[in-house]
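Asker: Before I ask anything, let me first share the structure, which is written out below as structure tokens.
The values are calculated or read from the model by the stated rules, or taken from the named source; none is laboratory data. All values derive from a computational prediction rather than experimental measurement. Note that each Cβ is placed from the backbone with ideal geometry, even for glycine, and that neighbours are counted across all protein chains shown.
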Amino acid sequence: MNKTNKISVIGAGFVGSATTFTLMESGLASHIVLVDVNKEKAEGEIMDLAHGAAFVKSVEMQAGDFKDTKDSDVVIITAGAGQKPGETRLDLVKKNVEIFKNIVPQIVRYSPNAILLVVANPVDILTYITYKLSGLPSSRVIGSGTVLDSSRLRYVLSKEFNIDARNIHAHIIGEHGDSEFPVWSHAYVGSLGLDDFCAREGIDVVELKERAYNEVKNSAYNIISRKGYTNYAVALAVKRIVEAILRDENSILTISTYNSLENVYYAAPNIVGRNGQVLKICPALSDEEVEKLEKSKKVLKDIIADIGI
């Protein structure tokens with residue numbers, strides 16, 4: 001790890017403030033900068049967090065402007081219009097494009113060597129926009145993708161089987177949205193294939209898969225209908241991605257990355273290290289999964305075509 005690790009978080013809303021907290025508590029950063037158009041909101045968040053300095057590893061906390069993000073190692077973009085009840089992630093596109101046109105050039109101006117991690121929704125589209133606006137290599141512009149969705153799937157299966165979620169190995173890929181899907185052909189409980197495990201335990205695997213998928217797909221909508229937003233689990237997902245970057249772990253995470261042949265960002269298993277995306281390692285998919293991925297990519301490509309960037 002570098003002697004210093006500077007992380008900047010753009011956006012002090014529910015997700016940005018929760019992310020700042022998880023990063024402070026993690027001990028990953030030596031310097032954290034929180035930027036928001038509402039400077040007083042950012043200052044209030046930092047003041048509140050800084051009062052816990054005696055309980056965490058030493059870290060400089062700062063509410064600042066874009067110039068204060070200079071020479072960041074990682075810049076996390078959470079800023080954007082929030083998702084409202086009944087609104088899909090893709091409904092947010094037009095509201096957020098203009099915001100990104102204002103913030104991305106300033107980020108790159110002050111931190112041209114940073115890894116840009118986009119979290120704001122719809123994340124695949126906004127990561128694509130960030131890539132196009134930034135002029136940076138695509139490997140250094142990544143989205144949080146379906147890292148959270150995959151964790152949700154592992155949680156659902158872990159509760160079903162009463163097994164530690166860390167020992168459930170399953171991925172959600174494609175769009176971080178309604179067209180995402182689980183890669184059931186490569187889902188494992190420990191080292192045992194999901195189908196084999198369910199057969200051994202007398203579990204109706206078809207019913208389980210359908211129920212688990214629907215629960216994961218509707219998770220955000222169900223949370224938003226109750227509390228108005230999601231923030232804690234996504235902040236933990238972001239912390240996990242940043243950890244893989246700053247520690248140069250070469251960990252496998254379902255971040256959103258660029259497919260240059262099809263000019264689209266979508267989530268798939270990728271090796272993540274200090275330079276961002278190292279390598280995409282999506283497994284061989286079943287025919288049904290290939291069809292679902294193509295449909296998911298088409299959803300995203302159609303949106304990109306409408307944006308005209």
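Asker: Of everything in region 184-224 that's of a type in the set (Gly, Ala, Ser) and within 24 Å of Gly174 (Cβ to Cβ), which residue is farthest from the chain's Cα centre (by Cα)?
Answerer: Selected residue: Gly193.
Asker: Next question, about the same structure. Considering (1) crowded, with 20+ Cβ neighbours inside 10 Å; (2) more than 19 Å from the chain's Cα centre (by Cα); (3) touching a residue at least 40 places away in the same chain (Cβ under 8 Å), say which one Arg109 fails and leave the rest.
Answerer: Unmet for Arg109, out of (1) crowded, with 20+ Cβ neighbours inside 10 Å; (2) more than 19 Å from the chain's Cα centre (by Cα); (3) touching a residue at least 40 places away in the same chain (Cβ under 8 Å): (1).
Asker: Consider Arg274 against the criteria (1) at pLDDT 95 or above; (2) more than 17 Å from the chain's Cα centre (by Cα); (3) over 20 Å from Asp124 (Cα atoms): it satisfies all of them except one. Which criterion is unmet?
Answerer: (2)
Asker: Still on this structure: Name, by its number, the condition in (1) surrounded by 23 or more Cβ atoms within 10 Å (Cβ to Cβ); (2) under 22 Å from Gly80 (Cα atoms) that does not hold for Ser150.
Answerer: Status for Ser150: all satisfied but (2).
Asker: Please go through region 70-94 and give me each residue that is over 16 Å from Val141 (Cβ atoms), at pLDDT 90 or above and among the polar types (S, T, N, Q), ordered by number.
Answerer: Once the filter is applied, which keeps residues that are over 16 Å from Val141 (Cβ atoms), at pLDDT 90 or above and among the polar types (S, T, N, Q), region 70-94 yields nothing.
Asker: Next up: For region 268-292, give me each residue that is of a type in the set (S, T, N, Q) and in contact with a helix residue (DSSP H, G or I) (Cβ under 9 Å, 6 or more places away or on another chain).
Answerer: Across region 268-292, the qualifying residues are Asn275, Gln277, Ser286.
Asker: Further, regarding this structure: Restricting attention to region 191-235, and to residues there that are in contact with a helix residue (DSSP H, G or I) (Cβ under 6 Å, 6 or more places away or on another chain) and over 17 Å from Arg152 (Cα atoms), which single residue is surrounded by the most Cβ atoms within 10 Å (Cβ to Cβ)?
Answerer: Here the answer is Cys198.
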